Amino acid sequence: GAAIHRRVQDELGDSQREYYLREQLKAIQFELRTHENRLGEADEYAQQIVAAQMPTPVRERAEAEVRRLDRTPSASPEAQTVRNYLDALVAVPWSVQSEDRLDVKAAAAILDHSHFGLDAVKERVLEHLAVRQLRQTVRGPVLCFVGPPGVGKTSIARVIAEAMGRKFSRIALGGVVDEAELRGHRRTYIGSMPGRIVQSLIHCGVRNPVLVLDELDKLGVGGRGDPVSALLEILD
């Protein structure tokens with residue numbers, strides 16, 4: 001009987017000791033999380049996700065990443081990777097756009113004031129704006145300007161943005177040999193960034209700027225994929 005009593009006491013002591021250690025571990029984890037302000041970080045990302053008004057699939061993915069960040073030690077490389085990804089997601093202007101000013105006569109006046117001659121080019125631009133005004137949709141052909149350096153290809157695009165009341169961004173493609181610069185890098189890479197087009201959207205702060213893919217003929221083919229084919233897929 002005495003041996004059974006001692007065994008019961010030992011088992012109770014072990015369970016109590018385990019319970020005590022678990023409670024200590026919970027308290028230490030809570031103190032660490034409070035000290036690192038991890039709870040505030042997760043809440044801040046959650047508020048930014050709501051404010052960004054993301055599409056449902058993107059929002060669900062972002063919320064899953066916030067939960068993952070909350071479970072990851074803050075000093076780990078994985079946590080920094082998740083932070084970079086979330087920072088890029090909330091920075092994209094998912095719902096912010098400028099209001100179009102589709103006045104063909106006003107656009108013609110602006111084009112005539114900024115560029116002398118180039119009648120065929122101006123007529124094609126005005127046709128594009130007129131169709132855009134009638135269709136009331138953002139889908140349509142991509143304008144392609146071809147010509148020697150210095151004839152006004154980029155400046156015409158800048159004037160189109162001015163005439164439509166949109167923001168303007170120029171993406172220089174000269175010398176790009178890595179398709180990851182267009183598609184975006186894998187998020188596990190150190191210093192990974194989204195593609196050039198998404199970076200331009202973030203920089204402009206609106207989802208509908210006039211984007212100029214400049215020096216398209218200088219896209220190179222290097223050892224890291226085919227940027228020309230990647231750009232074609234992105235535009236499609």
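Numbers for the structure displayed
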{"read-out": "Checklist (1) of a type in the set (A, V, I, L, M); (2) open to solvent by 70 Å² or more (accessible area, probe 1.4 Å); (3) modelled with pLDDT of 85 or more applied to Leu21, failing item", "value": "(3)"}
{"read-out": "Qualifying positions in the stretch 152-190 - assigned to a loop (DSSP other than H, G, I, E, B) and within 24 Å of Leu118 (Cα to Cα)", "value": "Gly152, Gly165, Arg166, Lys167"}
{"read-out": "Test: residue in the stretch 191-198 that is open to solvent by less than 50 Å² (accessible area, probe 1.4 Å), touching a Lys or Arg at 6+ places or on another chain (Cβ under 7 Å) and either within 26 Å of Val82 (Cβ to Cβ) or in contact (Cβ under 8 Å) with a residue 24 or more places away in the chain (or both)", "value": "yes"}
{"read-out": "Residue list for the stretch 126-142, restricted to those being closer than 16 Å to Ala157 by Cα, out of contact with any helix residue (DSSP H, G or I) (no Cβ under 6 Å at 6 or more places or on another chain) and among the aliphatic types (A, V, I, L, M)", "value": "Val142"}
{"read-out": "Residues of the stretch 107-152 classified as aliphatic (A, V, I, L, M), within 19 Å of Val212 (Cα to Cα) and open to solvent by 80 Å² or more (accessible area, probe 1.4 Å), total", "value": "3"}
{"read-out": "Of residues in the stretch 65-94 being free of Cβ contacts under 8 Å to residues at least 12 places away in the same chain and open to solvent by less than 20 Å² (accessible area, probe 1.4 Å), the one nearest to Met54 (Cα to Cα)", "value": "Ala79"}
{"read-out": "Residue among Ala75, Ala88, Ala62, Ala120 that alone is part of a helix (DSSP H, G or I) and farther than 25 Å from His203 by Cα", "value": "Ala120"}
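Quick grid of which residues meet (1) more than 30 Å from Leu143 (Cβ to Cβ); (2) modelled with pLDDT of 85 or more; (3) open to solvent by 90 Å² or more (accessible area, probe 1.4 Å); (4) aromatic (Phe, Trp, Tyr):
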site	(1), (2), (3), (4)
Arg38	yes, no, no, no
Gln47	yes, yes, yes, no
Ala51	yes, yes, no, no
Arg61	yes, yes, yes, no
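Residue by residue, here is whether (1) farther than 23 Å from Val96 by Cβ; (2) open to solvent by less than 70 Å² (accessible area, probe 1.4 Å); (3) modelled with pLDDT of 85 or more; (4) of a type in the set (A, V, I, L, M) holds:
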| position | (1), (2), (3), (4) |
| --- | --- |
| Thr154 | yes, yes, yes, no |
| Arg166 | no, yes, yes, no |
| Asp178 | yes, yes, no, no |
| Val206 | no, yes, yes, yes |
| Gly222 | yes, yes, no, no |
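The values are calculated or read from the model by the stated rules, or taken from the named source; none is laboratory data. Being a predicted model, the structure only gives us computed values, none of them experimental. Note: ideal-geometry Cβ built from the backbone for every residue, glycine included; neighbour counts use all protein chains shown. Side chains included, ligands, DNA and RNA excluded: accessible areas come from the protein's heavy atoms. Shrake-Rupley method; radii C 1.70, N 1.55, O 1.52, S 1.80 Å.
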